[in-house]
Amino acid sequence: MSLLDSPATKHTLAPLKATSLPSEAYVISIVSLPSFYALSASSPDNAIHLFDKSRLDRVRTIAGHEAGITCLRSASNFAGSTSPILLSSGKDGVIKAWDGRDPGNSPIMTALTGLRPHALLSCDISVDGTVIAAGTELQGDDASLLYWDPRSPAAPLRIHSSTHSDDITAVHFSRTSPRHLLSGSSDGLLCTSNADEADEDEAGLHVGNWGCGIAQAGWIHTRAGPPGIWASSDMETFSVWSGELDLVQDTDIRKPSIHRDDEFTWVTDYYIGAHNYHTVPQGLDNDLSMFVGSNEGDVALLTRSTLKDPNAPWVLSHSWQKGHVGVVRSVLWDEEVTSQILIRVIRITQMRSQNNILLTGGEDSRLNAWSGPSASRFFLGNDELSSHSSMEHDDPMDIDDSADGPTRKRRRSG
């Protein structure tokens, strides 16, 4: 893996706004709802916190699960109707769904794993909202893929227990083939399955063996042709696969670094997560971008013009610095948000429209809102890009008093 610094790299040195969880819990995941951002907190908090999109004020806390929350998802369809939904899974063996328009303390659906609860590590809902899937923790000799009809959630529709032999850490439905499910596991396998097939032997579509524990995985969409697949491991390695799960690239994301004459240095310490653009950007043949972090709490966006050539370089197109102390656990790029944010400029309070927001959450309990990446910086090109990188501070916003969170540096942990 090679890493290049784009001539138009942008470095943002302060967030638009910062706030903190009331406890010292880690911010594990962040999702976008129509009027709120929802984030899950680590144990012993185990709650879902809702933040108003307009000012990033915390407006509500939902008692999420009796044990650790392992996954949050948002979707626009649920149980056959067009309705925004917030979905969560927990180690208490329960899937819960809340009304995404105004989540309250009482979920609108609770899906159970059966008489003997199975700790759930991952979940997702199909694009049409008619099938929910989850992956369990290994219990005895079994780690299972579970499927529910959200209209009858008292018990799973089906249980597939031979697809994986260890913790199932990731499940994702395809948005182009709504019944195709991607799963990844600590057993090193990536699998695609037909969620409608009751016979597990017939449900399997493709299998890829990476040989290391899989921490995250997802789909890659291109301008033409079937989607591909990406995966990250618990050893900070990253891989790209074809839709048939043939390995295209396998790399250690910590190896490449940037050291520039103007004293800018970037060294990747860990993988945070991936983002799929709403459409494939100009100059790229794929919709994948990768967020990576440093132990100092900085975040960088890496993109790649093509995934067909394993030797094609990744490009650092944007960094966000000085917003966190220690490891960043979660990131959400809300490409389409349009909100009214309050800005103080020399005693004058004014409103402006702001879109393209990046949110980051860390082990320091902070939630930061930043100006998002610019589409013009996604790729290298002599005509499209300027000849130098830029450093900027985002316009200051009102900062919550609670933003003065812990200042000690923490190591990344499980």
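The calculated FRET efficiency for Arg60 paired with Ser162, based on their beta-carbon distance and R0 = 51 Å, is about 0.80. Lys322 contributes about 150 Å² of solvent-accessible surface, heavy atoms of the protein only, 1.4 Å probe.
Once all protein chains are placed together, Thr82 keeps about 120 Å² accessible to a 1.4 angstrom probe. Along the charge dipole of segment 1-150, which of Ala47, Pro7, Ala79 sits closest to the positive end, that is, farthest toward it, with unit charges on the beta carbon of Lys, Arg, Asp and Glu (+1, +1, -1, -1)? Positive-end residue among those listed: Pro7. Counting protein heavy atoms only, segment 166-317 has 45 percent of its accessible area on carbon and sulfur, 1.4 angstrom probe. With the whole protein complex present, Trp370 retains an accessible surface near 0 Å², based on a 1.4 Å probe. Please give the residues of segment 121-154, grouped as numeric ranges, whose backbone N is less than 16 Å from a label point set 7 Å along the Cα-to-Cβ vector of Glu197. Output list for this probe position: 145-147.
Relative to the current alpha-carbon distance between Asp52 and His278, full extension at 0.36 nm per residue lengthens the span by 79.1 nm. The residue among Ala217, Ser186, Ile253 whose Cα reaches farthest toward the positive pole of the charge dipole of segment 109-266, with charges on the beta-carbon of Lys, Arg, Asp and Glu, is Ala217.
With N set to the residue count of segment 9-51, report its C-alpha Rg divided by 2.2 N^0.38 Å to two decimal places.
1.37
Across Arg60, Arg158, the residue with the most accessible area heads the list, and the full order at a 1.4 Å probe is Arg60, Arg158. Share of pairwise Cα-Cα distances greater than 21 Å in segment 197-262 is 40 percent (whole percent). Two numbers describe the Cα atoms of segment 1-143: Rg and Dmax, which are 17.3, 58 Å. Kirkwood radius, segment 120-246, all distinct C-alpha pairs, inverse of mean reciprocal distance: 14.4 Å.
Largest accessible area first, the listed residues Ser106, Ser365, Ser54 line up as Ser106, Ser54, Ser365 when surface is computed with a 1.4 Å probe on the assembled protein chains. Spin-label model, Asp309/Cys212: points 7 Å from Cα along the beta carbon direction are separated by 2.5 nm.
Counted residue by residue at 0.36 nm each, then reduced by the alpha carbon distance between them, the extension gain from Tyr270 to Asp102 reaches 57.0 nm. Pairs from the list Lys53/Lys322; Lys17/Lys255; Lys10/Lys96; Lys17/Lys91; Lys10/Lys53; Lys255/Lys308 with a Cα-Cα gap above 28 Å: Lys17/Lys255; Lys10/Lys96; Lys17/Lys91.
The values are calculated or read from the model by the stated rules, or taken from the named source; none is laboratory data. Every value quoted in this text rests on a predicted model; they were computed, and no experiment measured them. No Cβ is skipped: glycine too gets one built from the backbone with ideal geometry, and neighbour counts run over all protein chains shown. The accessibility values were calculated without ligands, DNA or RNA, using every heavy atom of the protein model including side chains. Shrake-Rupley method; radii C 1.70, N 1.55, O 1.52, S 1.80 Å.
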